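Coordinate-derived values only; no laboratory data. Just so you know, these numbers come straight off a predicted model, no measurement behind them. Neighbour counts are summed over all protein chains in view; Cβ atoms, including those assigned to glycine, are modelled from backbone coordinates with ideal geometry.
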Amino acid sequence: MNKTDLLSHISIILVRPKYAGNIGAAARIAWNMGINSLQVVGSELPERETIARLATHNAAHIVENITCYSTLKEALSPFSVIIGTTARRGRQRLTEKSPREIAESVLPALAENRIAIVFGPEDCGLTNEELKYCQLLSAIPTADFSSLNLAQAVAIHCYEFYYGIIHMQRDVSPAPRLASSFELESMYSCLQESLTHIHFLGDKNHLYWMNNIRHFFGRIKLTSKDTNIIRKVCRQFSAHLKTERNRDDEHKTIRGKQS
Ligand code: SAH
């Protein structure tokens, strides 16, 4: 595969963007850097004319191919490497790296995997609930005022990925094909169910533990086969617990009848 063909494995995802101008400007810079997929999470695109004007006719094909997804989970399901972007630091979040460091670390995975770079809305950024889908967190280093304009943040990320790809050494050993977000989410929901059954997760602490578990698995880079194994273990675990509980209930009923 040609180095620049790798760019077709990258998608920009804008979550609930407010301003049409930012969507158009993001499409334009994506295409400047050879990236031709931009998707939106939101009910519909605002002011299509403004989007088209800011995108210019060069990036018109990107705008025409925008799909609006109702949830971020749905938009991310085909991607295996998911990078969230943020202007803010927060507890319970992953440690941020710069876009340059992120690009360097994920580029070997590009040949076999699809990568999504996720951007939040102009007013409030991505929520913790949205960031849970991301395995990596990218923050553009700034002086005191850390919040960039949305399209400018997209520009810096697209540039760093493009630069990284064109300067990538030919002998970089490619990373294997990883599990998709769809497979990972299905694994996490099985895990959550099993951990709830054994009361490891309660009402109060489940977000804390599930976030830590996500960070841990995010570092390991699971393949599709790995997620199947973990799901199978969880299912077996739940089935075993159910049998044990039924047996306990039967014993209680027998004892009740005997007394
Ligand atoms: N007021 C929001 C900023 C939103 S800016 C906040 O405080 O979070 C819109 C989006 O641009 C952000 O969600 C993020 O995706 C991107 N962005 C802005 N500044 C950034 C930075 N310094 N590093 C990485 N992404 C940034």
Inter-label distance, nm, simple model (7 Å from Cα along the C-beta direction), Met1/Arg16: 3.3 nm
Excluding Leu222 itself, calculate the net charge of residues whose Cβ lies under 15 Å from the Cβ of Leu222, where each Lys or Arg counts +1 and each Asp or Glu counts -1. +3
Can you list the residues of segment 169-195 with backbone N under 19 Å from a point 7 Å past the Cα of Lys242, pointing along Cα to Cβ? 186-195
Sorted by mean Cβ packing within 10 Å, highest first, what order do the peptides 124-135, 63-74, 154-165 take? 154-165, 124-135, 63-74
Karplus-derived HN-Hα couplings along segment 115-120 (A = 6.51, B = -1.76, C = 1.60, θ = phi - 60°), whole Hz, x at Gly and Pro: 10, 10, 10, 9, 10, x
Calculate the all-directions average of the projected area of segment 51-187's alpha-carbon convex hull, and give it in nm². 9.9 nm²
So the number of lysine pairs in the chain with alpha-carbon atoms under 25 angstrom apart, 8 or more residues apart or on different chains, is 21
In nm, spacing of pseudo-spin labels at Asn211 and Arg88 (7 Å Cα→C-beta vector): 1.2 nm
About its Cα centre, how strong a charge dipole does segment 45-191 have in debye, to the nearest 20, once Lys and Arg get +1 and Asp and Glu get -1 at the Cβ? 240 debye
Isotropic mean projected area of the C-alpha convex hull, the chain (nm²): 16.8 nm²
Just to be sure I understand the curve: with the Debye formula and one point per C-alpha of segment 1-98, what is log10 I(q)/I(0) at q = 0.23 Å⁻¹? -1.25
In sequence order, calculated HN-Hα J values of segment 141-146 (Karplus, 6.51, -1.76, 1.60; Hz; x Gly/Pro): x, 9, 6, 4, 8, 8
Free-standing Cys residues across the chain, given no other cysteine C-beta under 4.7 angstrom: Cys68, Cys124, Cys134, Cys158
Size of charge dipole - the chain - debye, nearest 20, with Cβ of Lys, Arg +1 and Asp, Glu -1, no other charges: 860 debye
Amide H neighbours of Leu222 at under 5 Å, excluding residues fewer than 5 places away on the same chain, with H built from the backbone geometry, are Ala179
Report the one residue of Gly218, Asn36, Ser238 whose Cα lies farthest in the direction of the positive end of the charge dipole of the chain (charges on C-beta: Lys and Arg +1, Asp and Glu -1; origin at the Cα centre). Ser238
Based on a Kirkwood Rh over C-alpha pairs, give the Stokes-Einstein translational diffusion coefficient of segment 117-240 at 37 °C and viscosity 0.692 mPa s in µm²/s. 189 µm²/s
